[in-house]
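> One structure, as structure tokens, below. Some questions next.
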Amino acid sequence: MAGIDGSNTGAMPATTHPLRQALADELHARPPVPLTAPARVLNFVLFGPANLTGDPLRSLALAQGVEAAETIARHAVLALGPYVAIQERRTEFTTYTLYLPRTAGSSVEAAADLPPALQAWIASLPGELIAASDLVILAPNEPAPDAALLARLYDENALVASRAVSGRADVWTDFKLRQGKTSLLIHDHGLTDAQRGRLVLRLLDIESYRMMALLALPLAQKVAPRITALEQGLGRLASRMVDVEHQESEQTLLREIAGAAAEVETLAVDTPFRFGAARAYHALVSRRIEELREERIEGLPTLGEFMERRLSPAMRTCETMAERIEGLSRRATRMANLLRTRVDVALERQNVAQLDAMNRRLKLQLRLQETVEGLSVAAITYYAVGLVGYAAQALHAVGVPIHKEVAIGVAIPLVAGTVWLGLRRLRRSLQKDGLH
């Protein structure tokens, strides 16, 4: 019998779900790298599918003369001498992070210098660069950056800062691109190596996810004129629905509404993934900012305030576009259903009128048929009685005591009744065949 200490429990079920190990590993993906201060971190976010050809991490190892296995895992770590390289494959993008040592007291402004081998490797990374971060960590024994240094590093009109992790670190940035990268500066006030690694990971996530979220903004700006035109077009079509009277006009209007609805559905197919992804990325940015546990540095807005003022309006624009598309789809559907109902009601009225006309014609035909049947009975009786008269006259001529007039008189009701019954049975038979 096993205990909770992880000792062998003996028997296990015979069959294991094929995804069990992958699902268990998912909870431990992207572990933060413990960091000592001072340090420098470079992060590159390359847009493109996770199955891009090539293995940049293995290529880096081989370039440094280190044999490395193929990195097919979603999260791979490679330690190469004084620095660590990490490759993380996501659904839409892949991140490459370099953790580099830094000498205490070295110039923060000179941190952009990289060995040529690393520069060549970075230039060869596959995909399209969507975000890049250059993060410098100052050790607790290093002096805090003064106003002059911050003015050289950042735009003082866009500078944001916060005291993070319950006051154990100060963070500065302006989220602007310099030499293709966003610069971040951290002054450590006593973080553990694990806390330092988690703080770096959260800051890199904020930059990566905010850029991925903003990918939806150009799409929202692009579709906005189409959405406005469709809203105005549906408004005009709705006004025409009030005045339309003829069936031909209703059907023409229905075709126009169906065309507008098709264009709306095209928008609904082209945009939901990007807008949905933007919502998810924005939520991750907000969550990472909450995890920073920010405190205000006097005179400067926090990272959370900056994102609320700059990123949130863009995300609300995207959400508004998504809501307008959904509203257009509902409006077009309602209008089409309403007009289709009007057309159906008009057609039903026409069908009822046609059925009434058919009933009237059938009644007239029945009356005419009854009249014809009466005439037919009279005509057939006339000819049949005439034959009876000729037969009686012939019999009388050969000595049979039959009077022609008497025979004709007796034959008239018998012949008429027989003919009438025969015609009636024939009509009923034809009616039954018609029902079947």
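The values are calculated or read from the model by the stated rules, or taken from the named source; none is laboratory data. Everything quoted here is computed from the prediction, not taken from an experiment. Note: ideal-geometry Cβ built from the backbone for every residue, glycine included; neighbour counts use all protein chains shown. Just the protein is used for accessible areas: all its heavy atoms, side chains included, with ligands, DNA and RNA removed. Shrake-Rupley method; radii C 1.70, N 1.55, O 1.52, S 1.80 Å.
> Looking for something surrounded by 15 or more Cβ atoms within 10 Å (Cβ to Cβ) and modelled with pLDDT under 70 - is there at least one such residue anywhere in segment 44-55?
Within segment 44-55, none of the residues are surrounded by 15 or more Cβ atoms within 10 Å (Cβ to Cβ) and modelled with pLDDT under 70.
> Residues that are at pLDDT below 75 and open to solvent by 70 Å² or more (accessible area, probe 1.4 Å): does segment 353-366 have at least one?
The initial filter retains those residues of segment 353-366 that are at pLDDT below 75, namely 366.
Imposing the further condition that a residue be open to solvent by 70 Å² or more (accessible area, probe 1.4 Å) reduces the set to 366.
Yes; the residues of segment 353-366 include at least one that is at pLDDT below 75 and open to solvent by 70 Å² or more (accessible area, probe 1.4 Å).
> With the requirement that a residue be part of a helix (DSSP H, G or I), polar (S, T, N, Q) and over 30 Å from LEU150 (Cα atoms), what does segment 269-324 give you? Give the steps one after another, and end with the answer.
Of the residues in segment 269-324, the ones part of a helix (DSSP H, G or I) are 269-270, 272-292, 303-324.
So of that shortlist, the ones also polar (S, T, N, Q) come out as 286, 312, 317, 320.
Once the filter is applied, which keeps residues that are part of a helix (DSSP H, G or I), polar (S, T, N, Q) and over 30 Å from LEU150 (Cα atoms), segment 269-324 yields THR317, THR320.
> Let me ask something else. Consider VAL223 carefully, then state whether it is open to solvent by less than 40 Å² (accessible area, probe 1.4 Å), in a strand (DSSP E or B) and of a type in the set (A, V, I, L, M).
The answer is no for VAL223.
> A further question on this structure: Answer yes if at least one residue in segment 373-391 is touching a Lys or Arg at 6+ places or on another chain (Cβ under 6 Å), under 30 Å from THR266 (Cα atoms) and of a type outside the set (Asp, Glu), and no otherwise.
The answer is no; no qualifying residue exists.
> Cβ-Cβ distance below 8 Å, separation of 6 or more or different chains: which pairs start in segment 162-190 with a residue that is closer than 14 Å to GLU207 by Cβ and open to solvent by less than 10 Å² (accessible area, probe 1.4 Å) and end on one that is among the acidic types (Asp, Glu) and assigned to a strand (DSSP E or B)?
THR182/ASP134; LEU184/ASP134; ILE186/ASP170
> Here's another thing I want to ask about it. Do any residues in segment 199-217 that are over 10 Å from ILE130 (Cβ atoms) have Cβ atoms under 6 Å from those of residues that are assigned to a helix (DSSP H, G or I) and of a type in the set (Val, Ile, Thr), where the two are at least six apart or on different chains, and which pairs are they?
Going by the 6 Å Cβ cut-off, the qualifying pairs are ILE206/VAL285; TYR209/VAL285; ARG210/VAL285.
> Another question, if that's okay. If LEU203 satisfies all but one of (1) within 27 Å of GLU305 (Cβ to Cβ); (2) surrounded by fewer than 16 Cβ atoms within 10 Å (Cβ to Cβ); (3) in contact with a Ser or Thr (Cβ under 8 Å, 6 or more places away or on another chain); (4) of a type in the set (A, V, I, L, M), what's the number of the condition it fails?
(2)
> Being open to solvent by less than 80 Å² (accessible area, probe 1.4 Å) and among the hydrophobic types (A, V, I, L, M, F, W, C) narrows it down to one of ALA397, ALA391, so name that one.
The unique qualifying residue is ALA391.
> Scan segment 292-318 for residues that are crowded, with 16+ Cβ neighbours inside 10 Å, among the acidic types (Asp, Glu) and within 30 Å of the chain's Cα centre (by Cα) and report the count.
0
> Restricting to segment 105-121, and then to whatever is out of contact with any helix residue (DSSP H, G or I) (no Cβ under 9 Å at 6 or more places or on another chain) and touching a residue at least 40 places away in the same chain (Cβ under 8 Å), can you tell me which residue is surrounded by the most Cβ atoms within 10 Å (Cβ to Cβ)?
ALA111
> OK, next. Kindly provide the set of residues from segment 74-89 that are on the phi < 0 side of the Ramachandran plot and open to solvent by 30 Å² or more (accessible area, probe 1.4 Å), ordered by number.
ARG74, HIS75, VAL77, ALA79, PRO82, VAL84, ARG89
> So in segment 156-165, with the set limited to residues that are touching a helix residue (DSSP H, G or I) at 6+ places or on another chain (Cβ under 7 Å), of a type in the set (A, V, I, L, M, F, W, C) and not in a loop (DSSP other than H, G, I, E, B), which one is farthest from LEU199 (Cα to Cα)?
VAL160
> Sticking with this structure for a sec: Can you tell me how many residues in segment 226-238 are of a type outside the set (D, E, K, R) and open to solvent by 80 Å² or more (accessible area, probe 1.4 Å)?
Matching residues across segment 226-238 total 1.
> For the list (1) touching a residue at least 12 places away in the same chain (Cβ under 8 Å); (2) over 38 Å from the mean Cα position of the chain (by Cα), I need the number of the one condition that ALA151 fails.
(1)
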